[in-house]
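K.L.:
Please find one structure pasted underneath; my questions will follow.
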Amino acid sequence: MYKYFIKRIFDFIVASIGLVILSPIFLTITIVLYFANNGKPFFFQSRPGLNGKLFNIIKFKTMNDKKDSNGNLLPDAERLTATGAFIRKISLDELPQLINVLKGDMSLIGPRPLLPQYLSLYNERQKRRHEVRPGITGWAQVNGRNAISWKKKIELDVWYVDHLNFMTDLKVFLMTFKKVFKSEGISQEGQATTEAFNGNN
């Protein structure tokens with residue numbers, strides 16, 4: 001009952017309240033990034049959701065679009081702006097995803113939606129992370145986030161799928177505030193974000 005019905009109701013109610021309460025912050029960041037990123041405060045990217053169905057995730061744009069002499073985007077560490085780094089540190093880059101939650105693309109809590117090119121790299125067990133809606137935060141995020149290996153991260157995602165209930169979601173919700181306050185696990189050591197998944201790491 002909770003997994004298939006009540007969870008979605010909670011998602012909609014909490015996301016609606018969250019957007020209203022946080023609207024001043026949302027608007028402020030949007031204006032700041034509008035000027036910092038040449039009129040582009042948001043970042044849209046295709047991600048796989050429930051059952052692997054693609055949707056467009058919405059995030060605040062924290063990196064510029066600078067390219068090298070060959071027209072290729074520079075590494076993340078070189079494109080991450082000072083404003084963007086601060087917004088990531090306090091995890092507000094994820095705030096627009098409350099809109100994805102309202103639309104039903106995502107849940108407040110669930111495995112993080114990763115890149116579409118990773119779909120073909122998952123083994124049968126790893127594919128199970130798509131049996132539930134992806135989340136803004138999740139079991140892997142409160143147990144290491146980007147500071148742990150991909151293998152461990154996906155193991156935690158599958159564990160969540162098998163143990164999804166109200167108490168697990170409540171625990172993740174409360175632990176998320178602790179992680180955000182301490183700014184833990186935002187990136188892998190020596191990197192601006194995290195390395196790409198190749199099916200072996």
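The values are calculated or read from the model by the stated rules, or taken from the named source; none is laboratory data. What you see is a predicted model; the values in this text were computed from it and never measured. Cβ atoms come from the backbone with ideal geometry, glycine included; neighbour counts cover every protein chain shown. Just so you know, the surface numbers come from the protein's heavy atoms only, side chains and all, with ligands and any DNA or RNA stripped out. Shrake-Rupley method; radii C 1.70, N 1.55, O 1.52, S 1.80 Å.
K.L.:
Does residue 55 qualify as being out of contact with any Ser or Thr (no Cβ under 8 Å at 6 or more places or on another chain) and either within 30 Å of residue 125 (Cα to Cα) or part of a loop (DSSP other than H, G, I, E, B) (or both)? Steps first, please.
P.N.:
Numbers: out of contact with any Ser or Thr (no Cβ under 8 Å at 6 or more places or on another chain): no; either within 30 Å of residue 125 (Cα to Cα) or part of a loop (DSSP other than H, G, I, E, B) (or both): yes.
Judged against the criteria, residue 55 is not a match.
K.L.:
A further question follows. Restricting to the range 51-65, and then to whatever is out of contact with any strand residue (DSSP E or B) (no Cβ under 9 Å at 6 or more places or on another chain) and open to solvent by 60 Å² or more (accessible area, probe 1.4 Å), can you tell me which residue is farthest from residue 130 (Cα to Cα)? Give the steps one after another, and end with the answer.
P.N.:
First, the residues of the range 51-65 that are out of contact with any strand residue (DSSP E or B) (no Cβ under 9 Å at 6 or more places or on another chain): 51-53.
Now drop any that are not open to solvent by 60 Å² or more (accessible area, probe 1.4 Å), which leaves 51, 53.
Details: 51: 5, 53: 9 Å.
The selected residue is 53.
K.L.:
Regarding the range 185-196, can at least one residue be identified that is at pLDDT 95 or above and surrounded by fewer than 19 Cβ atoms within 10 Å (Cβ to Cβ)?
P.N.:
Residues of the range 185-196 that are at pLDDT 95 or above, as a first pass: none.
No; the residues of the range 185-196 include none that is at pLDDT 95 or above and surrounded by fewer than 19 Cβ atoms within 10 Å (Cβ to Cβ).
K.L.:
Collect the residues in the range 21-40 that are under 11 Å from residue 60 (Cβ atoms) and not β-branched (Val, Ile, Thr), keeping them in residue-number order.
P.N.:
26, 33, 34, 36, 37, 40, listed by residue number.
K.L.:
Would you confirm whether any residue within the range 66-82 is of a type in the set (Lys, Arg), open to solvent by 30 Å² or more (accessible area, probe 1.4 Å) and outside any strand (DSSP E or B)?
P.N.:
Going residue by residue through the range 66-82, those that are of a type in the set (Lys, Arg) are 66-67, 79.
So of that shortlist, the ones also open to solvent by 30 Å² or more (accessible area, probe 1.4 Å) come out as 66-67.
Add one more test, that the residue is outside any strand (DSSP E or B), and what stays is 66.
Within the range 66-82, one or more residues are of a type in the set (Lys, Arg), open to solvent by 30 Å² or more (accessible area, probe 1.4 Å) and outside any strand (DSSP E or B).
K.L.:
Looking at the range 149-171, I want the residues that are more than 13 Å from residue 112 (Cα to Cα) and have a partner that is surrounded by fewer than 16 Cβ atoms within 10 Å (Cβ to Cβ) and among the β-branched types (Val, Ile, Thr) with Cβ atoms under 8 Å, at least 6 apart or on another chain. Which pairs are those?
P.N.:
Partner pairs satisfying both residue conditions: 166/6.
K.L.:
Moving on to the next point. Out of 72, 38, report the one residue that is at positive phi and not hydrophobic (A, V, I, L, M, F, W, C).
P.N.:
Within the list 72, 38, the selection yields 38.
K.L.:
I would also like to ask the following. Return the only residue of 6, 25, 17 being in a helix (DSSP H, G or I), open to solvent by 30 Å² or more (accessible area, probe 1.4 Å) and closer than 18 Å to residue 84 by Cα. Steps first, answer last, please.
P.N.:
Numbers: 6 fails: closer than 18 Å to residue 84 by Cα; 17 fails: closer than 18 Å to residue 84 by Cα.
The unique qualifying residue is 25.
K.L.:
For the range 93-129, what are the residues that are touching a helix residue (DSSP H, G or I) at 6+ places or on another chain (Cβ under 8 Å), closer than 21 Å to residue 13 by Cβ and open to solvent by 30 Å² or more (accessible area, probe 1.4 Å)?
P.N.:
99, 102 - these are the residues of the range 93-129 that are touching a helix residue (DSSP H, G or I) at 6+ places or on another chain (Cβ under 8 Å), closer than 21 Å to residue 13 by Cβ and open to solvent by 30 Å² or more (accessible area, probe 1.4 Å).
K.L.:
Return a yes/no flag: does the range 34-47 have any residue that is among the hydroxyl-bearing types (Ser, Thr, Tyr), surrounded by 13 or more Cβ atoms within 10 Å (Cβ to Cβ), assigned to a helix (DSSP H, G or I) and in contact with a Pro (Cβ under 8 Å, 6 or more places away or on another chain).
P.N.:
Scanning the range 34-47, I find at least one residue that is among the hydroxyl-bearing types (Ser, Thr, Tyr), surrounded by 13 or more Cβ atoms within 10 Å (Cβ to Cβ), assigned to a helix (DSSP H, G or I) and in contact with a Pro (Cβ under 8 Å, 6 or more places away or on another chain), so the answer is yes.
K.L.:
Continuing with the same structure: How about the range 83-92: which of its residues are open to solvent by 20 Å² or more (accessible area, probe 1.4 Å) and either aliphatic (A, V, I, L, M) or assigned to a loop (DSSP other than H, G, I, E, B) (or both)? Steps first, please.
P.N.:
Within the range 83-92, the first condition is being open to solvent by 20 Å² or more (accessible area, probe 1.4 Å), and the residues that meet it are 83, 85-86, 88-92.
Answer for the range 83-92, where residues must be open to solvent by 20 Å² or more (accessible area, probe 1.4 Å) and either aliphatic (A, V, I, L, M) or assigned to a loop (DSSP other than H, G, I, E, B) (or both): 85, 90, 91, 92.
K.L.:
For residues that are open to solvent by 30 Å² or more (accessible area, probe 1.4 Å), modelled with pLDDT of 95 or more and either farther than 24 Å from residue 92 by Cβ or not in a helix (DSSP H, G or I) (or both), tally how many sit in the range 140-177.
P.N.:
Summing the residues that are open to solvent by 30 Å² or more (accessible area, probe 1.4 Å), modelled with pLDDT of 95 or more and either farther than 24 Å from residue 92 by Cβ or not in a helix (DSSP H, G or I) (or both) in the range 140-177 gives 7.
K.L.:
Which pairs turn up if I take residues in the range 45-71 that are over 22 Å from residue 87 (Cα atoms) and look for partners that are among the hydrophobic types (A, V, I, L, M, F, W, C) and open to solvent by 30 Å² or more (accessible area, probe 1.4 Å) with beta carbon separation below 8 Å, at least 6 apart in sequence or on another chain?
P.N.:
Listed pairs, sorted by first residue: 48/54; 48/119; 52/119; 67/73; 67/74; 68/74.
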